[in-house]
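A.B. asks: Let me begin by handing over the structure; questions about it come next.
Only the coordinates and a few stated rules stand behind these numbers; no lab work does. All figures in this text were calculated on a predicted structure; none of them were measured in a lab. Here the Cβ positions follow ideal geometry from the backbone for every residue, glycine too, while neighbour counts run over all protein chains shown.
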Ligand SMILES: Nc1ncnc2c1ncn2[C@@H]1O[C@H](COP(=O)(O)OP(=O)(O)OP(=O)(O)O)[C@@H](O)[C@H]1O
Ligand SMILES: [Mg+2]
């Protein structure tokens, strides 16, 4: 089986002055290509930290992360950036849109950075995507003029616009109503099916698990277990027991 | 490529949006840049214009493009702006013809003008001395049988009138101060001078009376005047041809092959003119050109007061007839019954704002024609005495052919200081040490048996053993004197040399101190200087060639100085701008850390961020820099149309005329924009580094 | 009492010594000294001599002149006429009354000069060539005695009398006690600045018919410039001739006629 992501024995500590906060403790996780993986866990369990490591936005304190066959610790800053641009799409928990750009420009940004498509192609692709996430009519708006859900959709569109191999989504549906949430999930699932795009998303949302191929449950910075979606739904998404 | 353009577009978009978002900061930074670029444009345009006009002044008056002199000289050559009396100590170049040949062999050289600079003090004696000298000359010519009777009588009458004026003056002093203010001897002398018996025998034998007047009466008039003259010896023709700014005002140029002197009009007015008239001119200038009023200007009042008290200068010029004429004119003008002309003159010169214009005209229309307005007139002989290079006194007598100005520089004393003289007379006054002269000195020393005693040894050596004094043999200095005097008498009289022409070839053969070089292409001056020095070395004439800037001494450095001041202030302004822009960008960067983090997280390379900041800084720079340059260009345009008035003498020279009309050249704007862009670019380096250093996650997190 | 006796004796001795200690010369004595200095040099008649003048200056070639000096005691008239070198031949100074004229035959021009005129551009003045008239021109002041090599000199400070045109307003004078010859002079500006130091090492005497006794004159004078320290002047006097001169010699006309 081909693993697009392979996290092996990764720890991450945050230094808060004198205090060392262990956010992840010896996490190992393999994600196969085409998976639609959910990461569940209570708040503070390390979901965002894990996604950041996989998304090459952060580096582990120990252990290795391999993305698309490349061990991130051994890549230069330049190559890491290139990896982020071409292979990964990232939906941040707090959206992180560029406030001075319009919706359209925000979504177009990664394509511009890639410098692969012509202006027309970019425009077509962006508009189609905006259509899909249901905010086409807001394409000229600035992020500050949008609601939380709308912003989230812009963030999602931006992550998907480059058609990356791997999409990382941090609570992608947290701010969406159920209709839109379902819509988005359908879109992602569709991409997952048609393009073989791998999705890893963190979520509390039990409805989301239904879409997932598997759910990895995190607690206290450690992988509790990896269960099927149904199992996860049954267990309410929470790990069954505390680690020793 | 398209991709790059598009990326650039995004970068620009983000950058501009950011600028707009922090308008206030942008405006402050922009304001500084605007001011800086405005300053650069206006400043460089002004300095360039001054540079251009001044170079016209300097090149067009005496310096030429290049000055050449012997590299063996002790001092450096400066042809103008030397306020000190000393002329630079230069080693003469022996053969001007060879020098000229060598210089004309250099490709860019168009013309060569021989030169020498020196100065002398001319003591003219006081008014009475001058008149008596004239009378002596006329008396001699009359006795020699020349027909000068009328002039002789008039001058005699004039002298007797002067004696009256002096006597009246002495009486006055005795009345005002006390009886003893004037010595008995002087009173007796004045009485004798006025007496009939002195004048009775005058026509027959004038010399005893003249000597008496010269030695006893002339010293009573204590208005002796000195004339400090800086002069340039040159070839008049070549000079006039190469320095086309030179224009003859009075008289003519020095004819070819003639000895002669040309007064600079400025010197002629300031130093030679009757002081009273000069002061009237200055008052007139003050009122008409500098909009002063007598009522409010202390300076004008001071001049008026001097005119009122110093009427003797005019009184001494009046013979009997003129005295009567002045009395009549002034009584009419002033509506006065006063018969004392001195008092009438004082009254006349006590002017105010209401009557000045009228009296000024009256003075020049009615009074001046009867006066000698200038102590030395065009056509007069001028005697110049100077110490030669070999240390001896040398005098030459030169005809004053006229006066000249450098066009556009009429009122500048820097350009007006120099008078002109023919090169042959100059050489005589300069008197370089010839081997023949050196031998002569050695002979005298040997003959006298001179022995050197050092200052330190003097007392020990001279007073070591007492010398009780010996009887000297009776000498016969008288006989030796006779022999010498006989040999003197046999000599050709040199006095008439002044009017003897010289062979123009003499000009070429002799030595010169320096030479002005006019070039064909002024842009290649520095190249030509190298060529000249090389050519000199090859021809065995060790030469130093300098630019007109250097040759004009302090004056030439003046522009360099203002340029330095300008550049330093520009430097300071832009250093401040740099710091402020840098700070603003750093703050903006810190504020936008989340955004920067995001961009990095979604795959923007570091150089993208750098570009973004650069564009941001450049945008501000270009926008406000252009605005400033535009505004500056406008200001230069306005000033250029109106002109800056030269409010003083130095400015007059720098502006090469009464007003400076600065004009803009593309270079001014280009320099300004280049500086602005460089400053903008440099100021985005640090914030750029800052932005690059943070990791995307750190950056993103600072959101909450 | 022996003690008080001692004191009276002491007082007596001191009072006897007092005049000697205050040996400073009185005003009258000083004027007399000046008069005798002048008197030794006065001729009371006509005088001619031949002088050689040499001027040394820093960085320059030496200047040397030969000149004839004519003077008449009676009305203080004076002429110096340059005879060598050729370029200066015929140039001269003429003093009549308080006027000092410079004449240059090459231009036939008379120029009024002052007593401060440097003769021929050297550091000598008209008065250096003329009879001594110190008593007439200056007020003396005693500065005590000083050894000067083998000589003992009386030192006098001279201050110029007002309204007299003098080359030097203040002079410090060293007079040989024995002979009353001047040995050394220091000449000052009014400001007190030292201008020149002069030495008169060799005095000569000649018998004068008109005076009926010897006349003394300095055969050699050395002037050291105190402003331009490197400069110095040497004057040598030769061939003194005291035969009477033409009566009309001291006139402009004579000098003009002689150098034409
Ligand atoms: N920058 C940081 N500095 C210090 N501690 C941090 C930092 N970021 C996260 N942590 C800590 O690391 C742990 C894991 O945090 P993380 O954000 O990964 O949790 P999460 O599972 O994403 O929670 P949530 O569901 O609330 O988003 C938490 O205990 C948190 O306090
Ligand atoms: Mg989280």
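A.B. asks: Would you look at the GNM of chain A, springs on alpha carbons closer than 10 Å, and say which of A:34, A:26, A:89 moves the most?
C.D. replies: So, out of A:34, A:26, A:89, the one fluctuating most is A:26.
A.B. asks: Could you work out how far helix A:119-133 tilts from the main Cα principal axis of chain A, as a 0 to 90 degree angle to the nearest 10?
C.D. replies: Compared with the principal axis, the helix lies near 60 degrees.
A.B. asks: With axes computed from alpha carbons, what is the tilt in degrees of helix B:606-642 against the longest principal axis of chain B, rounded to the nearest 10 within 0 to 90?
C.D. replies: Its long axis makes an angle of about 30 degrees.
A.B. asks: Something else about it: Per-residue Cβ counts within 10 Å, from other chains only, averaged over A:75-88: what number is that? Kindly include the intermediate steps, with their values, before the conclusion.
C.D. replies: Values: counts 0, 0, 5, 3, 0, 3, 9, 2, 1, 6, 5, 1, 1, 3.
Taking the mean over all residues of the peptide, I get 3.
A.B. asks: At a Förster radius of 51 Å, what calculated FRET efficiency corresponds to the Cβ-Cβ distance of residue B:659 and residue B:20, to the nearest 0.05?
C.D. replies: Efficiency at R0 = 51 Å is approximately 0.70.
A.B. asks: So if I restrict to the alpha-carbon atoms in the protein assembly as shown, what is the Rg, and what is Dmax, the biggest pairwise distance, in Å?
C.D. replies: My reading of the Cα-based Rg and Dmax gives 51.1, 160 Å.
A.B. asks: From the square roots a ≥ b ≥ c of the eigenvalues of the alpha-carbon gyration tensor of the stretch B:98-175, which class results: rounded (a/c under 1.5), prolate (a/b over b/c), or oblate? Don't skip to the answer; put the middle values down first.
C.D. replies: Working: a/c = 5.86, a/b = 2.34, b/c = 2.51.
The shape class here is oblate.
A.B. asks: Let me ask you something else. Using helices alone, I'd like the mean residue ellipticity at 222 nm for the protein assembly as shown: each DSSP H run of four-plus residues gives -39500 (n - 2.57), total over residue count, nearest 500.
C.D. replies: Using -39500 (n - 2.57) per qualifying helix, the result is -13500 deg cm²/dmol.
A.B. asks: What is the distance in Å between the Cα centres of the stretch A:125-178 and the stretch B:1-54?
C.D. replies: Result: 38 Å between the Cα centres.
A.B. asks: Hey, fewest Cβ within 10 Å first, where do B:548, B:199, B:303 land in order?
C.D. replies: B:199, B:303, B:548
A.B. asks: Based on the Kirkwood radius over alpha-carbon pairs, what value in µm²/s does the Stokes-Einstein equation return for the translational diffusion coefficient of the stretch B:127-220 at 4 °C and 1.567 mPa s?
C.D. replies: 93
A.B. asks: How far is it, in nm, from the label point at residue B:75 to the one at residue C:29 when both lie 7 Å from their Cα along the line to the Cβ?
C.D. replies: For the pair residue B:75/residue C:29, the computed spacing is 5.4 nm.
A.B. asks: Once you keep just the Cα pairs under 8 angstrom separated by 6 or more residues, what percentage relative contact order results for chain B?
C.D. replies: Numbers: 1013 pairs, mean separation 210.2, N = 704.
Relative contact order for chain B comes out at 30 percent.
A.B. asks: Please average, across the residues of C:212-225, the number of beta carbons from any other chain that are within 10 Å of each residue's own beta carbon, and give a whole number.
C.D. replies: 2
A.B. asks: Moving on. Please work out the Cα convex hull volume for the stretch B:274-373 and give it in Å³ per residue.
C.D. replies: Looking at the stretch B:274-373, the number lands at 87 Å³ per residue.
A.B. asks: Looking at the square roots a ≥ b ≥ c of the eigenvalues of the Cα gyration tensor of the stretch C:166-257, which shape do they give, rounded for a/c under 1.5, prolate if a/b is larger than b/c, or oblate?
C.D. replies: The shape class here is oblate.
A.B. asks: While we're looking at this one, here's another question. Once fully extended, how much extra length lies between residue B:571 and residue B:607, figured as 0.36 nm per residue of separation less the alpha-carbon to alpha-carbon distance?
C.D. replies: Length gained, residue B:571 through residue B:607: 10.0 nm.
A.B. asks: With both bridge residues required to lie in the protein assembly as shown, what share of the DSSP beta bridges run antiparallel, to the nearest 5%? Don't skip to the end; give the middle numbers.
C.D. replies: On the way: 147 of 175 bridges.
Roughly 85 percent of the DSSP beta bridges within the protein assembly as shown come out antiparallel.
A.B. asks: Between the stretch B:376-439 and the stretch B:553-597, what's the alpha-carbon centroid distance in Å?
C.D. replies: Cα centroid of the stretch B:376-439 versus Cα centroid of the stretch B:553-597: 53 Å apart.
A.B. asks: Right, next: Using Cα springs under 10 Å in a Gaussian network model of chain C, which residue among C:115, C:146, C:66 shows the largest mean-square fluctuation?
C.D. replies: Among C:115, C:146, C:66, the largest GNM mean-square fluctuation belongs to C:146.
A.B. asks: For Cα pairs less than 8 Å apart in space and 6+ apart in sequence, what is the mean separation divided by the residue count of the stretch C:2-259, i.e. the relative contact order in percent?
C.D. replies: Contact order relative to length: 19 percent.
A.B. asks: Using packing as a proxy for protection, rank C:87-93, B:175-181 so that the peptide with the highest average count of other Cβ atoms within 10 Å comes first.
C.D. replies: C:87-93, B:175-181
A.B. asks: Which whole-number percent gives the relative contact order of the stretch B:127-220, counting Cα pairs below 8 Å spaced six or more residues apart?
C.D. replies: Once normalised by length, the contact order is 33 percent.
A.B. asks: Would you mind giving the mean number of other chain beta-carbons within 10 Å of the Cβ of each residue in B:688-698, as a whole number? Provide the component values of the computation, followed by the final result.
C.D. replies: Values: counts 0, 0, 0, 0, 1, 0, 0, 4, 10, 9, 2.
Neighbouring Cβ atoms belonging to other protein chains average 2 per residue here.
A.B. asks: Now for a separate question. Calculate how many DSSP beta bridges within chain B are antiparallel, expressed in % of all such bridges and rounded to the nearest 5.
C.D. replies: Here the antiparallel bridges make up roughly 85 percent for chain B.
A.B. asks: How many nm is it between the label spots at residue B:505 and residue B:285, if each spot is 7 Å from the Cα in line with the beta carbon?
C.D. replies: 4.7
A.B. asks: With N set to the residue count of the stretch C:2-259, report its C-alpha Rg divided by 2.2 N^0.38 Å to two decimal places.
C.D. replies: Relative to the 2.2 N^0.38 Å estimate, the stretch C:2-259 comes out at 1.19.
A.B. asks: Enter the Cα centre distance for the pair the stretch C:182-221 and the stretch B:258-299, rounded to the nearest angstrom.
C.D. replies: 50
A.B. asks: On a 0 to 90 degree scale, rounded to 10, what angle separates helix C:27-41 from the longest Cα axis of chain C?
C.D. replies: Helix C:27-41 and the main axis of chain C meet at about 40 degrees.
A.B. asks: Could you check the spin-label model distance between residue B:413 and residue B:4? Points 7 Å from the Cα along Cα→Cβ, value in nm.
C.D. replies: The modelled label-to-label distance comes out at 6.4 nm.
A.B. asks: Let me make sure I get this right: for chain B, a, b and c are the square roots of the gyration tensor eigenvalues over alpha carbons, sorted descending. Under 1.5 in a/c it's rounded, otherwise prolate if a/b > b/c, else oblate. Which is it?
C.D. replies: Verdict is prolate for chain B.
A.B. asks: Using the number of other C-beta atoms within 10 angstrom as an exposure proxy, rank C:114, C:251 with the fewest first. Don't jump to the answer; show the numbers that get you there.
C.D. replies: Values: C:114 14, C:251 20.
In increasing order of surrounding Cβ atoms, one gets C:114, C:251.
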